[in-house]
1. Yes or no: region 10-24 includes at least one residue that is out of contact with any helix residue (DSSP H, G or I) (no Cβ under 9 Å at 6 or more places or on another chain) and over 30 Å from residue 75 (Cβ atoms).
2. Residue 49 versus (1) surrounded by 13 or more Cβ atoms within 10 Å (Cβ to Cβ); (2) under 19 Å from residue 13 (Cα atoms): which is the lone unmet condition?
3. Among the candidates 56, 44, which residue alone is assigned to a helix (DSSP H, G or I), free of Cβ contacts under 8 Å to residues at least 40 places away in the same chain, more than 12 Å from the chain's Cα centre (by Cα) and surrounded by 16 or more Cβ atoms within 10 Å (Cβ to Cβ)?
4. Would you confirm whether or not region 60-73 contains a residue that is loosely packed, with under 10 Cβ neighbours inside 10 Å and either without any contact (Cβ under 8 Å) to a residue 12 or more places away in the chain or closer than 14 Å to residue 36 by Cα (or both)?
């Protein structure tokens with residue numbers, strides 16, 4: 001077994017680990033980061049399989065655009081949650 005073969009096996013194990021971890025994590029930010037790591041590892045695997053077109057697509061779409069959209073969505077969700085919490089606090093103060 002050559003060093004390239006060992007490297008591929010390590011990457012595949014990391015890929016499986018990322019797939020399991022993204023499903024088990026409770027924190028959404030951690031899940032997005034793990035998903036982006038998954039896409040980056042997949043990109044490296046596509047390069048090792050001599051498919052540069054798929055590697056570029058995986059890097060651009062998987063880690064780039066999808067990751068950015070997920071992060072923007074998380075930011076928007078947190079902003080809405082903060083707004084709802086402020087409304088609840090104002091209602092509680094108004095009842096007193």
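Here, each number is a calculation from the coordinates, and none is a lab measurement. For clarity, every value in this text was computed on a predicted model and none was experimentally measured. Cβ placement follows ideal geometry from the backbone for every residue including glycine, while neighbour counts extend to all protein chains displayed.
1. Yes, because at least one residue in region 10-24 is out of contact with any helix residue (DSSP H, G or I) (no Cβ under 9 Å at 6 or more places or on another chain) and over 30 Å from residue 75 (Cβ atoms).
2. (1)
3. 44
4. From region 60-73, those loosely packed, with under 10 Cβ neighbours inside 10 Å are none; that's our starting set.
Among the residues of region 60-73, not one is loosely packed, with under 10 Cβ neighbours inside 10 Å and either without any contact (Cβ under 8 Å) to a residue 12 or more places away in the chain or closer than 14 Å to residue 36 by Cα (or both), which makes the answer no.
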